[in-house]
Amino acid sequence: MTNRFNDTPPITTDSDKKTVAATRVRMNELVMPNDTNPLGNLMGGRLLQWMDICSAISAQRHCNRNVVTISVDNVEFKSAIRLGEVVVIEAEVTRAFTSSMEVAMEAWAENLRTGERRLCTTSFYTFVSVDADGRPVPVPQIIPETDFEKERYEHAKDRREMRLKISRQNEEAQKRHGTRRREAGS
């Protein structure tokens, strides 16, 4: 995403022109002492918070509504981000479904003294567009333009199916666990 950010067009509210590029967001945060653990590395929870904010802005750009986070896929911290480094977080909507949107995330660490930049994590966040009462509302479809965007758009359907499958398995496990807990308490 980093090399494509400069191609981001102005935000549009025209639902016929909702491109991936128009949803692109880049957010920068300086890692301060309050953001770090005793080793001087950025705390994972703080990074997740910043990623949630960045991806929510991307989703809101797409649907021009409030959104709520539904899921976060497989966040793996590949490289520690150190005190004093800049975190560069980039997000863009990859696909829109009925009321939900998948947002691709990349988080980079940038050392301002050396200019070194390294990819620290990638993830997909899922958001649902909601009305003032918190009920899901439809979102416009997204228009992938580049070959990369089109490929990721196609694969988003498979990722969504996997998320839904895992969600159903978790619900079933919670029901079984709840039943056992009630039986044990009887």
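What to note about this one:
- Scanning region 23-49 for residues that are under 16 Å from the mean Cα position of the chain (by Cα) and either more than 26 Å from Ile142 (Cβ to Cβ) or of a type outside the set (Lys, Arg) (or both) yields Thr23, Val25, Met27, Asn28, Gly44, Gly45, Arg46, Leu47, Leu48, Gln49.
- Among the numbered conditions (1) over 20 Å from Lys17 (Cβ atoms); (2) among the basic types (Lys, Arg); (3) out of contact with any Ser or Thr (no Cβ under 8 Å at 6 or more places or on another chain), the only one that Lys150 does not meet is (1).
- The set of residues from region 1-51 being in a loop (DSSP other than H, G, I, E, B), modelled with pLDDT of 95 or more and of a type in the set (Lys, Arg) comprises just one member, Arg24.
- Test: Ser71 is closer than 20 Å to Arg163 by Cα, in contact (Cβ under 8 Å) with a residue 12 or more places away in the chain and either among the acidic types (Asp, Glu) or in a helix (DSSP H, G or I) (or both): no
The values are calculated or read from the model by the stated rules, or taken from the named source; none is laboratory data. Since the structure is predicted, the reported quantities are computational estimates derived from the model, not experimental observations. All Cβ positions, glycine included, derive from the backbone under ideal geometry; neighbour counts span all protein chains shown.
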